[in-house]
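What follows is one structure encoded as structure tokens, with my remarks underneath.
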Amino acid sequence: MIYKRVPPFVPTLFRSFAEKSSFKTNPVKIMKCNSKFEVFVTRADMPESGIEMIRRECNVKLWNRSSPVPREEFLKLVPGVNAIYCCLTDKIDKELLDAAGPDLKAVATMSVGYDHIDVDECSRRGIRVGYTPDVLTDATAELTVALLLATARRLPEAQEEARSGGWVSWAPMWMTGPGLADSTVGIVGYGRIGQAVARRVKGFNTKQIIYCSRTERMEAREVGARKVEFDELLGESDFVICCAVLVPETRHMFNRSSFNKMKRTAIFVNTSRGGTVDQEALTEALTHKIIRGAGLDVTTPEPLPLDHPLLALKNCIVLPHIGSATIDARKTMAELTAVNILEALKGLEMPSELNSIK
Ligand SMILES: O=CC(=O)O
């Protein structure tokens, strides 16, 4: 990987500064360094090390709130900027690119997912697009396994029982769930994260790992994983894990028909994007015990409204999209996003680029 680590960062002002005094009332903070380039950053609480790297070489226009920039503000703030440093809540589409205008040279997202960016449209306009693969693979795979175990072994439910007095005594079959040992694990989407999940679940003495992906993956040999068709994976797996990228072909691939093909004892886990699941069908499958349980780190929409039926189901765990949320992963993602922008503005290759415009 070409990604270069930067020297240790001296903590600076951004968030604490932003949260002090006058900045509370001003939604944008401008940081000048006499560069010809201006970079718009969509969150006040992007990790400081990445912002500091950009600030050393470019003028930074920082959205001075830790909540997403409202769309109307976003459209007003981007005209004339040379780069946008964004995250997965920021939609970068034609309208936004039109608003930014011809000086926009690069968009870099602090995420591996890029379904919020119209990459083709960026390419047509000569705008380079960067993202952050690799650096969050371990973090996301760890969370996926944690969610898998928490769902199968019913950890939130068990904790609730302990807290609320439901724990009357040890009981032979109380709070039981399926184990990974001797099970079949099916992984849908065998990219970097899918492979990292496979390596981890292998360590739990699983019987077999099967996967489906567009192509046969050499990496699967390392864990003895076998490529199968989607329907076979659904029918064979005790645990079905979705690590697939969200593209038109994967939208709602987990629907009524898919849940009906799964074992009634199956556990479904999704750490990719909420859009891969038809949530109404999932709610029905969980309510009517068509499958045993589900663990979701991603939903549609995010956040899931508090009155959403999935949040009321005991056999469903919902996490607030924290797959990559280790401290190191998030810092490294921020720094990679900064390097992507700086290299693009210098006309150099981005370390992690989605489109290659020469
Ligand atoms: O979901 C998280 C990411 O795309 O980085």
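Identify all residues within region 262-294 that are basic (Lys, Arg), buried (at least 19 other Cβ atoms within 10 Å of the Cβ) and more than 16 Å from the ligand (Cβ to nearest atom); write none if there are none.
Residues of region 262-294 basic (Lys, Arg): 263-264, 273, 289, 292.
Filter once more, so that each one left must be buried (at least 19 other Cβ atoms within 10 Å of the Cβ): 273, 292.
Correct list: 292 only.
Determine if region 152-170 includes at least one residue that is within 16 Å of the ligand (Cβ to nearest atom) and either more than 26 Å from the chain's Cα centre (by Cα) or aliphatic (A, V, I, L, M) (or both). Explain how you work it out, then say what you get.
Step one: list which residues in region 152-170 are within 16 Å of the ligand (Cβ to nearest atom), which gives none.
No, that holds for no residue.
Between residues in region 69-92 that are at positive phi and hydrophobic (A, V, I, L, M, F, W, C) and residues that are outside any helix (DSSP H, G or I) and within 16 Å of the ligand (Cβ to nearest atom), which pairs lie under 8 Å by C-beta distance while being six or more apart or on different chains?
none
Conditions tested, residue by residue: (1) buried (at least 18 other Cβ atoms within 10 Å of the Cβ); (2) in a loop (DSSP other than H, G, I, E, B).
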position	(1), (2)
303	no, yes
306	no, yes
311	no, no
317	yes, no
322	no, yes
328	no, no
331	no, no
343	yes, no
348	no, yes
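Out of region 111-136, which residues are more than 10 Å from the ligand (Cβ to nearest atom), within 20 Å of residue 89 (Cα to Cα) and not acidic (Asp, Glu)?
The answer is 117, 119, 122, 127, 128, 129, 130.
What are the residues in region 135-186 that are under 30 Å from residue 213 (Cα atoms), in contact with a helix residue (DSSP H, G or I) (Cβ under 8 Å, 6 or more places away or on another chain) and either free of Cβ contacts under 8 Å to residues at least 12 places away in the same chain or part of a helix (DSSP H, G or I) (or both), if any?
Within region 135-186, 137, 138, 139, 140, 141, 142, 144, 145, 148, 149, 150 meet the criteria.
Can you work out which of the residues in region 92-110 that are closer than 24 Å to residue 191 by Cα and either of a type in the set (Lys, Arg) or within 12 Å of the ligand (Cβ to nearest atom) (or both) is surrounded by the fewest Cβ atoms within 10 Å (Cβ to Cβ)?
Looking at residues that are closer than 24 Å to residue 191 by Cα and either of a type in the set (Lys, Arg) or within 12 Å of the ligand (Cβ to nearest atom) (or both), I get 109.
Can you tell me which residues in region 50-85 are closer than 26 Å to residue 343 by Cβ, among the small types (Gly, Ala, Ser) and surrounded by fewer than 20 Cβ atoms within 10 Å (Cβ to Cβ)?
80, the sole residue that qualifies.
Which one is surrounded by the fewest Cβ atoms within 10 Å (Cβ to Cβ) among residues in region 147-160 that are more than 15 Å from residue 313 (Cα to Cα) and of a type outside the set (A, V, I, L, M)?
Of everything passing the filter in region 147-160, 159 is surrounded by the fewest Cβ atoms within 10 Å (Cβ to Cβ).
We did not get these values from a lab; they are worked out from the coordinates using the rules stated. No experiment lies behind these values; they were computed from the predicted model shown. All Cβ positions, glycine included, derive from the backbone under ideal geometry; neighbour counts span all protein chains shown.
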